[in-house]
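Colleague: Can you read through this structure? Questions will come right after.
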């Protein structure tokens, strides 16, 4: 995991003013070893230096931006309510106070992010105004208006929009690849320090125990600051992917440190889903990055997602698939997920086109406190991100979401690979994208305040920014 020695890439397409002296400069010569830099296609190019400090004019400005990056990262990864006591019966019921605190924190960080964008790289956000991104936002707004609980859906829709603002700022704020990787590395290090600190100093709130109210069978499995070992496992798998990028784009030794610490914690969670999907997503991403054919690359993504869908939720709908799983798997129910999926599909029939309302089904009073013969009504989510979108926004919502989550990123990835846009950053976004797409078949990572949703948005928006860049070469003095 050796760090790259090429000049840092301004993957957020930094632009410069139209100055007379810039127009009079001779054409830059191509440095043999220099990696191309990218800039926004609609603006003049500004050559960046190897310092990688981007638009930050002073150390205080750099520190302030790094602090905002860290706060946003911790908001999604650690949450406003970490280290839940799972032996407390009230820990599994919806908490109004936690919801209010989460909303306040989200609004504050979004406001700071908006200010940062206003004084920085806000002009680059226009590349996000594409039909495949805008269409699901419009449909989700309609679903919120026709929700069984319009007030709840409206609040969660606004929070989703605020999350997007924070992710966009996190991508555009650093200024170049090296600084972006450094911010990511420091943020993951902070998460690891908090999680390991909890295991060492507060094990009763960071390791599952036999006294847990709902799932005492997980006793001894690490969860850190997260509510559940599976959530911790998914986060640590994402941290491993971040460590690869940090090692190649910032510092090799730092990347190895993060990678080893994240992998050890991942195995301590005993999260089968994350442990199994991490190598699968890394291998699949490597295949996609190496394939020269864009149609073949697109076909592989669609085929893999179709197979995962068939052998997860599809096993509930198609008895032959369930029979096949029972013959080859020791747990064809995916740890009782199939009961939750069956319950969700039964409720889908009540409102198949518009859904129950944007993010207005699970943990709503009408569902959580309903008298049913299954535990599924009290589930925190559907344990399938695609099914949750289908349940809450209807069939059109799922189709439009797939356009934003799958089709647009494929188009952007193909374009970036064809133009050879920043290989290390393209690979990083692709690995995150693939891991989240596959994980979403067994966990609900979409449209919520989780590490998975934050990193998934980071990946698909990041791929969009890369695709919208044009390639230039650095002047010799900037490349050295």
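Colleague: So, residue 239, is that one crowded, with 21+ Cβ neighbours inside 10 Å, in contact with a helix residue (DSSP H, G or I) (Cβ under 9 Å, 6 or more places away or on another chain), assigned to a helix (DSSP H, G or I) and without any contact (Cβ under 8 Å) to a residue 60 or more places away in the chain or not?
Modeller: Numbers: crowded, with 21+ Cβ neighbours inside 10 Å: yes; in contact with a helix residue (DSSP H, G or I) (Cβ under 9 Å, 6 or more places away or on another chain): yes; assigned to a helix (DSSP H, G or I): yes; without any contact (Cβ under 8 Å) to a residue 60 or more places away in the chain: yes.
Yes, satisfied.
Colleague: Here's something else I'd like to know. With within 21 Å of the chain's Cα centre (by Cα), under 20 Å from residue 69 (Cα atoms), at pLDDT 95 or above and surrounded by 24 or more Cβ atoms within 10 Å (Cβ to Cβ) as the only criterion, which of 189, 184 stands out?
Modeller: Numbers: 189 fails: surrounded by 24 or more Cβ atoms within 10 Å (Cβ to Cβ).
The unique qualifying residue is 184.
Colleague: Here's another thing I want to ask about it. Which residue out of 403, 394 is surrounded by fewer than 21 Cβ atoms within 10 Å (Cβ to Cβ) and either in contact with a strand residue (DSSP E or B) (Cβ under 8 Å, 6 or more places away or on another chain) or farther than 23 Å from residue 278 by Cα (or both)?
Modeller: Working: 394 fails: surrounded by fewer than 21 Cβ atoms within 10 Å (Cβ to Cβ).
None of the others qualify; the one that does is 403.
Colleague: Continuing with the same structure: Out of all the residues in the stretch 216-225, is one or more in contact (Cβ under 8 Å) with a residue 24 or more places away in the chain, touching a helix residue (DSSP H, G or I) at 6+ places or on another chain (Cβ under 6 Å), within 30 Å of residue 88 (Cβ to Cβ) and surrounded by fewer than 23 Cβ atoms within 10 Å (Cβ to Cβ)?
Modeller: Within the stretch 216-225 (the criterion being in contact (Cβ under 8 Å) with a residue 24 or more places away in the chain, touching a helix residue (DSSP H, G or I) at 6+ places or on another chain (Cβ under 6 Å), within 30 Å of residue 88 (Cβ to Cβ) and surrounded by fewer than 23 Cβ atoms within 10 Å (Cβ to Cβ)), the answer is yes, since at least one residue qualifies.
Colleague: Hey, among 284, 353, which residue is modelled with pLDDT of 90 or more and either on the phi > 0 side of the Ramachandran plot or not in a loop (DSSP other than H, G, I, E, B) (or both)?
Modeller: Numbers: 353 fails: either on the phi > 0 side of the Ramachandran plot or not in a loop (DSSP other than H, G, I, E, B) (or both).
The match here is 284.
Colleague: Now for a separate question. In the stretch 344-354, which residue that is crowded, with 16+ Cβ neighbours inside 10 Å and over 27 Å from the mean Cα position of the chain (by Cα) is farthest from residue 399 (Cα to Cα)?
Modeller: We begin by selecting, within the stretch 344-354, every residue crowded, with 16+ Cβ neighbours inside 10 Å; these are 344-345, 347-348, 351, 354.
Filter once more, so that each one left must be over 27 Å from the mean Cα position of the chain (by Cα): 347, 351.
Values: 347: 19, 351: 16 Å.
Checked the stretch 344-354; the qualifying residue farthest from residue 399 (Cα to Cα) is 347.
Colleague: With the structure loaded, tell me whether residue 308 is under 23 Å from residue 399 (Cα atoms), surrounded by 13 or more Cβ atoms within 10 Å (Cβ to Cβ) and touching a helix residue (DSSP H, G or I) at 6+ places or on another chain (Cβ under 9 Å) or whether it fails that test. Spell out the reasoning first.
Modeller: On the way: under 23 Å from residue 399 (Cα atoms): yes; surrounded by 13 or more Cβ atoms within 10 Å (Cβ to Cβ): yes; touching a helix residue (DSSP H, G or I) at 6+ places or on another chain (Cβ under 9 Å): yes.
Criteria met by residue 308.
Colleague: Looking only at the stretch 422-436, decide whether some residue is in a loop (DSSP other than H, G, I, E, B) and touching a helix residue (DSSP H, G or I) at 6+ places or on another chain (Cβ under 8 Å). Steps first, answer last, please.
Modeller: Looking only at the stretch 422-436, we keep the residues that are in a loop (DSSP other than H, G, I, E, B), and these are 422.
From what is left, the residues that are touching a helix residue (DSSP H, G or I) at 6+ places or on another chain (Cβ under 8 Å) are 422.
Yes, the stretch 422-436 contains at least one residue that is in a loop (DSSP other than H, G, I, E, B) and touching a helix residue (DSSP H, G or I) at 6+ places or on another chain (Cβ under 8 Å).
Colleague: Please state which one of 368, 358 is within 21 Å of residue 159 (Cβ to Cβ), modelled with pLDDT under 85 and either within 28 Å of the chain's Cα centre (by Cα) or surrounded by 15 or more Cβ atoms within 10 Å (Cβ to Cβ) (or both).
Modeller: Values: 358 fails: modelled with pLDDT under 85.
Being within 21 Å of residue 159 (Cβ to Cβ), modelled with pLDDT under 85 and either within 28 Å of the chain's Cα centre (by Cα) or surrounded by 15 or more Cβ atoms within 10 Å (Cβ to Cβ) (or both) holds for just one of 368, 358, which is 368.
The values are calculated or read from the model by the stated rules, or taken from the named source; none is laboratory data. Since we're looking at a predicted model, the values are computed, not measured. Methodologically, a virtual Cβ is constructed for each residue, glycine included, from the backbone with ideal geometry; neighbour enumeration extends over all protein chains shown.
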